[in-house]
Amino acid sequence: MIYKCRDNPRIRVKEKVAIVLLSYNSRVYLEQFLPFVLQTRYPDFRLIVVDNASTDDTAAFLTEHYPQIDVIQIDVNRGFTNGFVKSLPCIEAEYYALLTSDVELPPDWLDPLVKAMDADPWLGACQPKIKAYRERDAFEYAGAAGGYLDIFSYPFCRGRIFDHVEKDKGQYDRSAEIFWASGAVFLLRAELYHRVGGFDNDFFAHMEEIDLCWRIRRAGYGIRVIPDSVVYHVGGSVILYGSPEKVYYNYRNNLIMMTKNLPDASLIWILPLRLLLDLVSGLYTLLKGHSGDCAAMLRAHRDYWCHWRKWLNKRYFEESEIPWHRMPGVYRKSVVWQFFVRGIKTFSELPAIGRAGEQESTP
């Protein structure tokens, strides 16, 4: 059935899980990967495709080949975040499995995630192990085996630090507490998503899931990676990895996220240091001949400061009993220093990462 988002439809999902697949000009990926979604062995799910104002033949393809699938159509594309911001309030379910269109799902991907959530009422979200579609023995950039933040709020993953992606040799096959789950595919409690405010539409794309997970953490809930579930992600299908556009959103949105979520006592010293580190990073890229990346960084900082009061007004004040720097998934050192100065390229080699490793357990 086709639903127009402007009509504010109400889709009451009787099944336990609503798989919400966001698509933008993804007809090719839908043709390739939608059959895998429908072959999911978990017995209690309903698939809903959100067509984020595609200009290709996505709508015609779904109508002709998958008339049984519910489709929510959004009139105007205002970014990745807007696709979920507009559609999820229309969907009533116990769990949302949020999914991008460029993910290959093995039949048994969903069951371990649901079992983990059912077993722990304080688990707010979880993600599978995410591997690269084109290099299937390697982790994928966007999430790998679970997301972390360092003390300066730089994101990295078990299996990926900055642009260095590890091969999967089973080194991260234990379930672990993480700080953020990848927006490529993750499962979360629907009621909790709405309670903490959902995705922030000002992000447009990139790091919106980290911001959401930070608020889930501050509300007292856990986030885990469940490596018994494995998926394969193409990645970079809308905004290319390494493009100036991606660089822009990564810098700008990280600053917004910090401003919204860091406690006062941390923000007052971390933000100035982050500005300095970003400027050093921009100079480094300029010296390497990547003037476009440097320009994107400067534009990101300009746009952040032009709306600084707006970001301050978004601060989320539900305090956690655990200080943010002691939350699972926060690395209490600088990953920038470890990577660029000390030359450490893999997650398991990071000094003091054992503190996080002690928290690993099988759910």
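Okay, here's what the table says:
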| item | result |
| --- | --- |
| Any hit, segment 21-34, residues being part of a loop (DSSP other than H, G, I, E, B), surrounded by fewer than 16 Cβ atoms within 10 Å (Cβ to Cβ) and not hydrophobic (A, V, I, L, M, F, W, C) | no |
| Residue in segment 42-60 that is over 24 Å from Tyr232 (Cβ atoms), surrounded by fewer than 21 Cβ atoms within 10 Å (Cβ to Cβ) and either touching a Ser or Thr at 6+ places or on another chain (Cβ under 8 Å) or charged (D, E, K, R) (or both) present | yes |
| Every residue from segment 281-291 that is surrounded by 14 or more Cβ atoms within 10 Å (Cβ to Cβ) and either part of a helix (DSSP H, G or I) or at pLDDT 90 or above (or both) | Ser281, Gly282, Thr285, Leu286 |
| Cross-chain or 6+ apart pairs with Cβ under 8 Å, segment 255-280 first and assigned to a loop (DSSP other than H, G, I, E, B) and of a type in the set (A, V, I, L, M), then modelled with pLDDT under 90 and surrounded by 14 or more Cβ atoms within 10 Å (Cβ to Cβ) | Leu262/Trp324 |
| Residues within segment 197-206 that are modelled with pLDDT of 95 or more and among the aliphatic types (A, V, I, L, M), tallied | 0 |
| Failed item in (1) among the hydroxyl-bearing types (Ser, Thr, Tyr); (2) modelled with pLDDT of 90 or more; (3) under 22 Å from the mean Cα position of the chain (by Cα), with Ser320 passing the rest | (2) |
| Among (1) of a type in the set (Asp, Glu); (2) under 29 Å from Asp202 (Cβ atoms); (3) assigned to a helix (DSSP H, G or I), the one test that Asp56 misses | (3) |
| Listing of strands (runs of 3 or more DSSP E) fully contained in segment 95-197 that carry 1 or more residues being touching a residue at least 40 places away in the same chain (Cβ under 8 Å), of a type in the set (Lys, Arg) and closer than 21 Å to Ile19 by Cβ | 123-132, 185-189 |
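The values are calculated or read from the model by the stated rules, or taken from the named source; none is laboratory data. Source: prediction; values computed, not measured. So basically every Cβ, Gly included, is an ideal-geometry build from the backbone, and we count neighbours across all protein chains shown.
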